[in-house]
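Undergrad: Structure provided below as structure tokens; questions to follow.
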Amino acid sequence: MNIVMILVGAVLVNNFVLQQFLGICPFLGVSKKIETAFGMGMAVTFVMGIASLFTYFIQHYLLVPLGMEYMQTIAFILVIAVLVQVVEMVLKKISFSLYQALGVYLPLITTNCAVLGVTILNVTKSYNLIESVINGIGAALGFTLAIVLFAGIRERLTMSNMPKWMEGFPGALITAGLISVAFAGFNGLI
């Protein structure tokens, strides 16, 4: 039951983008098309899930035994950077068009505060291995849900007749705020 609570909490209640406001850069930058947003979401899901797994082992079997917990952030960023490089190489080979569409935002996953945030949150909340991975995947699925919903709305907004002042980024920010308010309705669910 705890695993279901962690998963639902990470996806809906404590959504990293819409409730904790982490990972906003790719959220705003890669959300103009649903396909690109979904690709970014899947890349972040892979990185967050695997990073949660690896950082658990690094924290509990390397940093804590050696008394080097103060190196946590640096060690976690190194793991994330390696995983992002793997994703970048795979996307370049498998889907070059998605690789080009993601552009600069793909390497920015390395410094995405949501990815680092979930790994540190796993340690802070004393999650075991399974809970850490579930929280990482859940947070990434929440990111994917938010960015795909946002991209769908942005696509529709480009086809609508909006006031001139709301076109582009102002309309995107208002939309993001309204989605965030809607997700606040999940507070108290868990």
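Undergrad: So how many residues does segment 145-175 have that are surrounded by fewer than 22 Cβ atoms within 10 Å (Cβ to Cβ) and either of a type in the set (Asp, Glu) or closer than 15 Å to LEU12 by Cα (or both)?
TA: Of the residues in that region, 5 qualify.
Undergrad: Let me spell it out: the conditions are (1) modelled with pLDDT under 95; (2) touching a helix residue (DSSP H, G or I) at 6+ places or on another chain (Cβ under 8 Å); (3) open to solvent by 20 Å² or more (accessible area, probe 1.4 Å), and GLY49 meets all of them except one. Which number is the exception?
TA: The number of the failed condition is (3).
Undergrad: Which condition breaks for VAL64 when tested against (1) among the β-branched types (Val, Ile, Thr); (2) open to solvent by 50 Å² or more (accessible area, probe 1.4 Å); (3) at pLDDT below 95; (4) over 21 Å from ARG154 (Cα atoms)?
TA: (3)
Undergrad: Would it be correct to say that ALA75 is surrounded by 17 or more Cβ atoms within 10 Å (Cβ to Cβ), over 17 Å from the mean Cα position of the chain (by Cα) and assigned to a helix (DSSP H, G or I)? Let's see the steps before the verdict.
TA: On the way: surrounded by 17 or more Cβ atoms within 10 Å (Cβ to Cβ): yes; over 17 Å from the mean Cα position of the chain (by Cα): yes; assigned to a helix (DSSP H, G or I): yes.
Spelling it out, ALA75 is indeed surrounded by 17 or more Cβ atoms within 10 Å (Cβ to Cβ), over 17 Å from the mean Cα position of the chain (by Cα) and assigned to a helix (DSSP H, G or I).
Undergrad: Quick test of your reading of the structure: GLN59 fulfils all but one of (1) closer than 24 Å to LEU149 by Cα; (2) open to solvent by less than 60 Å² (accessible area, probe 1.4 Å); (3) in contact (Cβ under 8 Å) with a residue 60 or more places away in the chain. Name the failing condition by number.
TA: Here GLN59 meets the rest and fails (1).
Undergrad: On the given criteria, is GLY188 among the small types (Gly, Ala, Ser), more than 19 Å from TYR56 (Cα to Cα) and assigned to a loop (DSSP other than H, G, I, E, B)? Spell out the reasoning first.
TA: Details: among the small types (Gly, Ala, Ser): yes; more than 19 Å from TYR56 (Cα to Cα): yes; assigned to a loop (DSSP other than H, G, I, E, B): yes.
So GLY188 fits the description; yes.
Undergrad: Mind listing whichever residues of segment 78-130 are within 17 Å of the chain's Cα centre (by Cα) and part of a loop (DSSP other than H, G, I, E, B)?
TA: Scanning segment 78-130 gives LEU106, ASN112.
Undergrad: Which condition from (1) modelled with pLDDT of 90 or more; (2) not in a helix (DSSP H, G or I) is the one that GLY138 breaks?
TA: (2)
Undergrad: Residues being surrounded by 24 or more Cβ atoms within 10 Å (Cβ to Cβ) and modelled with pLDDT of 90 or more: count how many of those fall in segment 17-36.
TA: 2
Undergrad: Looking only at segment 89-143, count every residue that is open to solvent by less than 40 Å² (accessible area, probe 1.4 Å), among the aliphatic types (A, V, I, L, M) and free of Cβ contacts under 8 Å to residues at least 60 places away in the same chain and tell me the total. Please lay out each step first, then the result.
TA: Residues of segment 89-143 open to solvent by less than 40 Å² (accessible area, probe 1.4 Å): 91, 95, 98, 102-103, 106, 109-110, 112, 114-119, 122, 127, 131-133, 135-136, 138-140, 142-143.
Applying the additional criterion that residues be among the aliphatic types (A, V, I, L, M) yields 91, 98, 102, 106, 109, 114-116, 118, 133, 139-140.
Going one step further and asking which of them are free of Cβ contacts under 8 Å to residues at least 60 places away in the same chain, we end up with 91, 116.
The total comes to 2.
Undergrad: Moving on. Residues in segment 2-13 that are farther than 12 Å from ILE137 by Cα and open to solvent by less than 70 Å² (accessible area, probe 1.4 Å): how many?
TA: 2
The values are calculated or read from the model by the stated rules, or taken from the named source; none is laboratory data. All values derive from a computational prediction rather than experimental measurement. So basically every Cβ, Gly included, is an ideal-geometry build from the backbone, and we count neighbours across all protein chains shown. We work out accessible area using only protein heavy atoms, side chains counted, and drop any ligands, DNA or RNA first. Shrake-Rupley method; radii C 1.70, N 1.55, O 1.52, S 1.80 Å.
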